[in-house]
Amino acid sequence: WKFTADFGKLRFESLGEEAEYFAYTPFGNDGAARTFTAKNERTSIQIRMLQQTCTDNMSGAQYPWTAEVTIGSRKLQGCGERGRLME
């Protein structure tokens, strides 16, 4: 899975599933974390980016941010780069 935020929308993709789109607003900032919450006509999403080192399980690569995503009833965790978050 992955998400990207640009051009006024957030796109969430998961392998084998149709992409979900959400209206984009800037991530909230509470110091060491960035948060985003939105709904579309089908589901809701909450993203929390924590400023703590994360190691990708598949590649072994290290990233400076840990991602926690809740989309609908699914809870996901992964890694990310702050440089890709729009402020």
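Computed quantities for the displayed model
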{"item": "Accessible surface of the chain, 1.4 Å probe, proportion on carbon and sulfur as whole %", "result": "47"}
{"item": "Under the Karplus curve 6.51 cos²θ - 1.76 cosθ + 1.60, θ = phi - 60°, whole-Hz ³J(HN,Hα) for the stretch 52-69, x wherever Gly or Pro sits", "result": "8, 4, 9, 10, 5, 5, 8, 9, x, 5, 9, 10, x, 10, 9, 9, 10, 10"}
{"item": "Per-selection Kirkwood Rh - the chain (Cα, Å, 1 d.p.)", "result": "13.3"}
{"item": "Surface per residue (accessible, 1.4 Å probe) for the chain, Å²", "result": "66"}
{"item": "Phi to ³J(HN,Hα) by Karplus 6.51 cos²θ - 1.76 cosθ + 1.60 over the stretch 24-31, Hz, x for Gly, Pro", "result": "8, 10, x, 5, x, 10, 10, x"}
{"item": "Arg34, Arg42, Arg74, ranked by accessible area, largest first (probe 1.4 Å)", "result": "Arg42, Arg74, Arg34"}
{"item": "In order through the stretch 12-19: 3J(HN,Hα) via Karplus (6.51 cos²θ - 1.76 cosθ + 1.60), integer Hz, x for Gly, Pro", "result": "10, 10, 9, 3, x, 10, 5, 5"}
{"item": "The chain, dipole about Cα centre (Lys/Arg Cβ +1, Asp/Glu Cβ -1), debye to the nearest 20", "result": "140"}
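The values are calculated or read from the model by the stated rules, or taken from the named source; none is laboratory data. Keep in mind the model is a prediction, meaning the values are calculated, not measured. So basically every Cβ, Gly included, is an ideal-geometry build from the backbone, and we count neighbours across all protein chains shown. Surface accessibility is based on the protein's heavy atoms, side chains included, excluding ligands, DNA and RNA. Shrake-Rupley method; radii C 1.70, N 1.55, O 1.52, S 1.80 Å.
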